[in-house]
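The values are calculated or read from the model by the stated rules, or taken from the named source; none is laboratory data. These numbers were taken from a predicted model, which means no experiment stands behind them. Backbone-built Cβ (ideal geometry, glycine too); neighbour counts: all protein chains shown. Remember, those area values only see protein heavy atoms, side chains included, never the ligands or the DNA or RNA. Shrake-Rupley method; radii C 1.70, N 1.55, O 1.52, S 1.80 Å.
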Amino acid sequence: MGSRPWRHAVPAALLVALTAACGGVQEDGATAAPEPSWQDHVLPSDYDLPDTPPETLAAAELVSQVFADPSRDGLWGKYHYTDDGDGVVVNLVPGWEDSVIGDEMRQVIATAPAPVEVREVEHSNRELMHAFMDIALTDPVIAGASLTSGVVDAELNALVIGLTEVDEQSVAAVTEVFGPDVYVRQEEQATSDPAW
């Protein structure tokens, strides 16, 4: 009966340790992504908007006119500017071409004074804001932090919750209530009505 030599056991132990540290190996052989930390859900309190020339602002206004009717909130996830600020990206849910806004959006894309492009997204503005409105109106405190706002971040196509206190406990509570794709931002408590 022979024993296993150390030279074979050590690499296997190292492989197990490295695999555990890196998040593991999936069945298809790919390395699993590490679990996100609570800080991955935190956005900066202040952020810079790109410089937007008048043509881009005018194009954004045309998009806003298409969605001025709140009943259309189920068809889009807002818009954002391109990184360089010279175009508008409109987030639309699949099937938008055949919906009530299809012809209007095609007209905006064809005639806007700056490029307007469509990005199909999973979540509409209505869907993202629905859960927030239900919670904010009944229980505007989570893990000791007050809810100050709820907005849709168009670029992330995600709900962003404003909290008076952002720490591991408040972020964990927010993700438990709103799901793993939510983000938080620290904000001061509003002196009047909340920003939603």
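What the table shows:
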read-out	value
Residue check for Glu187: touching a residue at least 60 places away in the same chain (Cβ under 8 Å) and in contact with a helix residue (DSSP H, G or I) (Cβ under 6 Å, 6 or more places away or on another chain)	no
Pick from segment 86-101, criterion of a type outside the set (Val, Ile, Thr) and within 19 Å of Leu159 (Cβ to Cβ), ranking: surrounded by the fewest Cβ atoms within 10 Å (Cβ to Cβ)	Leu92
Among residues of segment 125-153, those that are open to solvent by less than 10 Å² (accessible area, probe 1.4 Å) and touching a residue at least 60 places away in the same chain (Cβ under 8 Å), counted	2
Unmet requirement for Gly74, which otherwise passes all of (1) at pLDDT below 50; (2) of a type outside the set (D, E, K, R); (3) open to solvent by less than 60 Å² (accessible area, probe 1.4 Å)	(1)
Listing of helices (runs of 4 or more DSSP H) fully contained in segment 91-180 that carry 1 or more residues being more than 30 Å from Pro53 (Cβ to Cβ) and touching a helix residue (DSSP H, G or I) at 6+ places or on another chain (Cβ under 8 Å)	125-138, 168-178
Checking Glu61 against (1) open to solvent by 80 Å² or more (accessible area, probe 1.4 Å); (2) touching a residue at least 12 places away in the same chain (Cβ under 8 Å), the condition it does not meet	(2)
Members of segment 87-124 found to be of a type outside the set (Val, Ile, Thr) and without any contact (Cβ under 8 Å) to a residue 24 or more places away in the chain, listed by number	Gly95, Glu97, Asp98, Gly102, Asp103, Arg106, Gln107, Ala110
Residue satisfying all of: in segment 108-124; farther than 17 Å from Tyr81 by Cα and open to solvent by 60 Å² or more (accessible area, probe 1.4 Å); nearest to the chain's Cα centre (by Cα) among these	Glu122
Check on Asp83, in a loop (DSSP other than H, G, I, E, B) and open to solvent by 80 Å² or more (accessible area, probe 1.4 Å)	yes
